[in-house]
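Engineer: I have a structure I would like to understand better, so I am pasting it below and will then ask my questions one at a time.
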Amino acid sequence: MTQTHTSRRSFLQASAAVTGGLMLGFNLPGTLGEAMAAGTVHTPNAWVHIADNNVITLLSARSEMGQGVYTSMPMLIAEELHVDISQIKVAAAPPDAVYVNALLGAQITGGSTSVRDGWLKLRVAGAQVREMLITAAAARWAVDRDLIRADKGMVYGPKGLKSTYGELAEAAARMPVPEKPPMKDPKDFKIVGKRTKRVDTPAKVNGTAEFGIDVKLPGMVYASLAQCPVIGGKVKSFDGAKAKASAGVIDVVQINDGVAVVANSWWQAKKARDLLTIQWDEGAGAALSDASVIDGTRQALKTGKVLEITKPQGDVAAALKGAAKVVEAEYVIPMQAHAPLEPMNFTAHVQGNKALLIGPTQFQQGAQGAVAGALGFKPEDVTLQTTFLGGGFGRRLELDFIVQAAQISKAVNKPVKLLWTREDDMTHDFYRPVGVNQLKAGLDASGKPVALHFKVASQSVTQRAFGLPKDTMDPFMAEAAVAGYNIANTQHDLVIHDTGVRVGYWRAVSHNMNAFANESFMDELAKAAGKDPYEYRMSLLAGKPRFAHVLKLAADKAGWGKPLAKGRALGIALMEGYDTYMAQVAEVSVDANGEVQVHRVTVAADMGHMVNPDTVEAQLQSSIIFGMGAALKHQITMTQGRVQETNYHNFQPVRMHEVPKIDIVLVKSTEKPGGIGEPATAVVAPAIANAVAKLTGKRVRRLPITAEALKQTAVA
């Protein structure tokens, strides 16, 4: 990437706004404000600040929501800047075009793109700064720059000449930005690829880390917002007299999404909110139920416009007609909530035609634009500071709670922290949409698949969130629909069906839905062919070395084919997602009550170049546990437009005692980096389903695989 003087100027304008906000008590593990407190900051490029006190700060364009970017991003800079990672502080970047995620087209953290997008971009930025420091030293010492080297925050020249990075920073910032700085050969990496402790851990352990929920501003008040129990409903009328008369209440205000009570403390606001009397216009959503949503989606497969996910290969109809055996199945994937531990919140301070926003978001530019639009401001008059995120999983790509905070602040003319309850969060999410996948395959006399027709029906998040035109292919709905197997005749179709539910991107997006269908169906084909599921998959992977390698690694590590403890079975699944190849083997048992217990998950992953293997392992573990919840325990149901699940008691994630042993095999690779924050979420469900089917003879084709679902499923 080439940094230009124009982008540097725009960054300086934006960073000035950040600095002002940091003076308000904002606290991250390392901040630009911290550096400025002790020295003057210089900005060789948009990513790296060096203060004359030698503090180096990386402006991270990606939000830290537990996935480790505040460690992996500085590792990339440190490698090329020739410093230890401990010498780099990290601060959140402000909204700015220079920080756009090239893989997503906006300043977004999501899609397992942080390392994929930053891999070259940040290394180039680090190398540029290194070269600018060397050029500045050469000019200062009047020596050939080829005689100068940089190492560990020092620049060394001939005859004992040396200077710190800080001493050269001001001069370096005036040097031309090299477009193509020399880069390290990956074989010479000293930091990238090495296990590195996370830089944000100490602050999170000692309690000094500030999440959005911790933000405080001078004179700040608190808001609790009553929203229609049917998402999309509007206020018809309300009586706020009792609430307004309650202790500590400052005001009761109506905004677009409901009625907010503003008080001196959040608890006062919440208690007074319970005294509101509101008449709602529930709108068209009041007729929705999860059953009607699923039925409508299934019907869409018969009547909806069919879009091609890929160009058909061969002649599927003819191959099916001539097949020795035809296998068909339908898989249903329910709605899911994101349910991050930190409920939705944001702090806003609107003064005149300026707005300051502080809080946890995955979409900085979107938040800036949405608030500017809602308040009638120019985007440049909206300043945004990103805190740590207490979980995101896609929920904090949405902007509703940020706009609400700004509207309430404007209404009361005070800095306001809006905080949702857990129940608000669970019942007013942007849910993972329902998916109905129908598959049909033809087998030849040997059991080999000769034809596959895969039909996907679901709702388009991209259409809702980004205005994708109707009847236009949404690539985020087709993820993992096409598996890596060699089948001569294939057809993959998509039908987009708007159910009326408010839907959003959920961790691993449609990989979760399509991999569950594909990999469950592959086991069904193996059974129809009378083959071992592992051997059957392997027989279809000729010329697919990365698929075959991870499949073999996972199977070998899990002891595929070897005796197991009585009452246990193994299930296997394979997928490519976000440029990462992955296989998982789940070892399960089913107790007398029909409860599924996962004892061990073995995962083999090839994600190309790894930045921090320690983070990679943590992401695999968290993804598997997260995916197990959707596979075995929770879903979102709806009656008369009202979401029935309200808290963790009836939307139970996997508990600590339910976490299986997780064995991880990482492939050393020189391929381009793949994403690792999400794909394991998608592979664990089919691996578990396949093990359960092997153990019980029951094929559960609708998630979650609960004891009740098993009870209602006949032996196949």
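The values are calculated or read from the model by the stated rules, or taken from the named source; none is laboratory data. Note that the structure is predicted; figures quoted are calculated from it, not measured. Neighbour counts are summed over all protein chains in view; Cβ atoms, including those assigned to glycine, are modelled from backbone coordinates with ideal geometry. Quick note on the areas: whole protein, heavy atoms, side chains included, nothing else; ligands and nucleic acids left out. Shrake-Rupley method; radii C 1.70, N 1.55, O 1.52, S 1.80 Å.
Engineer: Considering only the stretch 138-182, state which residues are assigned to a helix (DSSP H, G or I), touching a residue at least 40 places away in the same chain (Cβ under 8 Å) and among the basic types (Lys, Arg).
Structural biologist: Selection gives nothing.
Engineer: Could you say which residue among 624, 662 is closer than 25 Å to residue 68 by Cβ, among the aliphatic types (A, V, I, L, M) and over 21 Å from the mean Cα position of the chain (by Cα)?
Structural biologist: So the residue among 624, 662 that is closer than 25 Å to residue 68 by Cβ, among the aliphatic types (A, V, I, L, M) and over 21 Å from the mean Cα position of the chain (by Cα) is 662.
Engineer: To continue, here is another question. Those residues that are without any contact (Cβ under 8 Å) to a residue 60 or more places away in the chain, closer than 20 Å to residue 419 by Cα and touching a helix residue (DSSP H, G or I) at 6+ places or on another chain (Cβ under 9 Å), I need them from the stretch 341-373; list them, please.
Structural biologist: 355, 357, 370, 371
Engineer: Among the residues of the stretch 530-538, is any in contact with a Phe, Trp or Tyr (Cβ under 9 Å, 6 or more places away or on another chain), over 26 Å from residue 325 (Cα atoms) and assigned to a helix (DSSP H, G or I)?
Structural biologist: no
Engineer: Still on this structure: Out of all the residues in the stretch 643-678, which are touching a His at 6+ places or on another chain (Cβ under 9 Å), surrounded by 15 or more Cβ atoms within 10 Å (Cβ to Cβ) and charged (D, E, K, R)?
Structural biologist: Listed by number, the residues that qualify are 645, 678.
Engineer: Considering only the stretch 440-466, how many residues are assigned to a strand (DSSP E or B), surrounded by fewer than 23 Cβ atoms within 10 Å (Cβ to Cβ) and polar (S, T, N, Q)?
Structural biologist: Step one: filter the stretch 440-466 for residues assigned to a strand (DSSP E or B), giving 440-443, 449-458.
Retained after the next criterion (residues that are surrounded by fewer than 23 Cβ atoms within 10 Å (Cβ to Cβ)): 440, 443, 450, 453, 455.
Still in the list and also polar (S, T, N, Q): none.
Number of matching residues: 0.
Engineer: Test residue 486 against the stated conditions and say whether it is part of a helix (DSSP H, G or I) and within 21 Å of residue 311 (Cα to Cα).
Structural biologist: no
Engineer: Among what's in the stretch 352-369 and is part of a strand (DSSP E or B) and open to solvent by less than 40 Å² (accessible area, probe 1.4 Å), pick the residue that is nearest to residue 388 (Cα to Cα).
Structural biologist: 359
Engineer: Could you tell me how many of the residues in the stretch 58-89 are part of a strand (DSSP E or B), open to solvent by 10 Å² or more (accessible area, probe 1.4 Å) and not charged (D, E, K, R)?
Structural biologist: Residues that pass the stated criteria total 1.
Engineer: Restricting to the stretch 370-382, what's the tally of residues that are open to solvent by 30 Å² or more (accessible area, probe 1.4 Å) and in a strand (DSSP E or B)?
Structural biologist: 0
Engineer: Taking the options 327, 332, name whichever one is in a strand (DSSP E or B), open to solvent by less than 60 Å² (accessible area, probe 1.4 Å) and under 24 Å from residue 635 (Cα atoms). Show your work before the answer.
Structural biologist: Values: 327 fails: under 24 Å from residue 635 (Cα atoms).
The match here is 332.
Engineer: For the stretch 289-314, name all the residues that are open to solvent by 50 Å² or more (accessible area, probe 1.4 Å), among the charged types (D, E, K, R) and assigned to a helix (DSSP H, G or I).
Structural biologist: 295, 298, 302
Engineer: Of the residues in the stretch 467-482, how many are open to solvent by 20 Å² or more (accessible area, probe 1.4 Å) and not in a loop (DSSP other than H, G, I, E, B)?
Structural biologist: 2
Engineer: Continuing with the same structure: I'd like the residue in the stretch 539-566 that is small (Gly, Ala, Ser), closer than 27 Å to residue 591 by Cα and assigned to a loop (DSSP other than H, G, I, E, B) and, out of all such residues, is most open to solvent (accessible area, probe 1.4 Å). Break it down stepwise before answering.
Structural biologist: Looking only at the stretch 539-566, we keep the residues that are small (Gly, Ala, Ser), and these are 539, 542-543, 548, 554-555, 558-559, 561, 565.
Still in the list and also closer than 27 Å to residue 591 by Cα: 554-555, 558-559, 561, 565.
Of the ones still in play, those that are also assigned to a loop (DSSP other than H, G, I, E, B) are 559, 561, 565.
Details: 559: 12, 561: 76, 565: 53 Å².
Going through the qualifying residues, I end up with 561.
Engineer: Within the stretch 401-439, how many residues turn out to be open to solvent by 10 Å² or more (accessible area, probe 1.4 Å), more than 18 Å from the chain's Cα centre (by Cα) and within 19 Å of residue 65 (Cα to Cα)?
Structural biologist: Within the stretch 401-439, residues that are open to solvent by 10 Å² or more (accessible area, probe 1.4 Å), more than 18 Å from the chain's Cα centre (by Cα) and within 19 Å of residue 65 (Cα to Cα) number 2.
Engineer: Pick out the one residue from 417, 448 that is under 18 Å from residue 321 (Cβ atoms) and modelled with pLDDT of 95 or more.
Structural biologist: 448
Engineer: Would you check which residues across the stretch 141-175 are more than 15 Å from residue 126 (Cα to Cα) and in contact with a Pro (Cβ under 7 Å, 6 or more places away or on another chain) and list them?
Structural biologist: Hits for the stretch 141-175 are 143, 147.
Engineer: A follow-up question, please. Whether any residue in the stretch 573-586 is farther than 26 Å from residue 329 by Cβ, free of Cβ contacts under 8 Å to residues at least 40 places away in the same chain, out of contact with any Ser or Thr (no Cβ under 7 Å at 6 or more places or on another chain) and among the charged types (D, E, K, R) is what I want to check.
Structural biologist: no
Engineer: Could you please tell me which pairs satisfy a Cβ distance under 8 Å, a separation of 6+ or placement on different chains, a first residue in the stretch 541-553 that is under 13 Å from residue 605 (Cα atoms) and of a type outside the set (Ser, Thr, Tyr), and a second residue that is open to solvent by 70 Å² or more (accessible area, probe 1.4 Å) and part of a helix (DSSP H, G or I)?
Structural biologist: none
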